[in-house]
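Asks: What follows is a single structure, and I will ask about it in a moment.
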Amino acid sequence: MELTASARGRTGARDADGMAVASFVLGLVGLLVLNIFLGPVAIVLASMALWRGTERRGRALLGLGLGVADLAVLAALVSADNTVSWTFGG
């Protein structure tokens with residue numbers, strides 16, 4: 001079964017929209033946990049979604065911003081206590 005050009009276009013757009021949403025969610029979760037992994041993944045997914053022309057451009061841009069914020073939070077925490085991990089306790 002072969003997809004027509006219009007069916008391939010819809011699938012590509014839907015994939016790009018999914019990547020935009022995934023980048024937003026991963027960037028948001030990355031602010032709380034695993035920011036060393038989720039931040040770069042959010043940045044890559046958002047970049048790919050924008051490159052593929054997602055219809056959810058705002059969500060992709062938010063995912064990109066949150067991915068960068070994840071890395072900024074990580075850098076601040078590393079400079080505060082000179083370790084990659086962080087805890088809530090004293």
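Asks: Residue under question is Ala22, and the condition is that it be on the phi < 0 side of the Ramachandran plot, within 9 Å of the chain's Cα centre (by Cα), open to solvent by less than 60 Å² (accessible area, probe 1.4 Å) and among the small types (Gly, Ala, Ser); does it hold? Talk me through it step by step, then tell me what you get.
Replies: Values: on the phi < 0 side of the Ramachandran plot: yes; within 9 Å of the chain's Cα centre (by Cα): yes; open to solvent by less than 60 Å² (accessible area, probe 1.4 Å): yes; among the small types (Gly, Ala, Ser): yes.
Yes: the conditions hold for Ala22.
Asks: Here is a further query. Output yes when any residue across the range 53-66 is among the hydrophobic types (A, V, I, L, M, F, W, C) and outside any helix (DSSP H, G or I), and no when none is.
Replies: First, pick out the residues of the range 53-66 that are among the hydrophobic types (A, V, I, L, M, F, W, C): 60-62, 64, 66.
Pick out the ones that are also outside any helix (DSSP H, G or I) and you get none.
The answer is no; no qualifying residue exists.
Asks: If you take the residues in the range 39-55 that are among the small types (Gly, Ala, Ser) and open to solvent by 40 Å² or more (accessible area, probe 1.4 Å), which one is nearest to Ala22 (Cα to Cα)? I'd like the intermediate steps shown before the answer.
Replies: The first filter runs over the range 39-55 and keeps only residues among the small types (Gly, Ala, Ser), leaving 39, 42, 46-47, 49, 53.
Filter once more, so that each one left must be open to solvent by 40 Å² or more (accessible area, probe 1.4 Å): 47, 53.
Numbers: Ser47: 12, Gly53: 15 Å.
Among those residues, the one meeting the criterion is Ser47.
The values are calculated or read from the model by the stated rules, or taken from the named source; none is laboratory data. Worth saying up front: this structure is predicted, and the values here are computed from it rather than measured. To get the accessible areas, we keep the full protein, side chains included, count just its heavy atoms, and leave off ligands, DNA and RNA. Shrake-Rupley method; radii C 1.70, N 1.55, O 1.52, S 1.80 Å.
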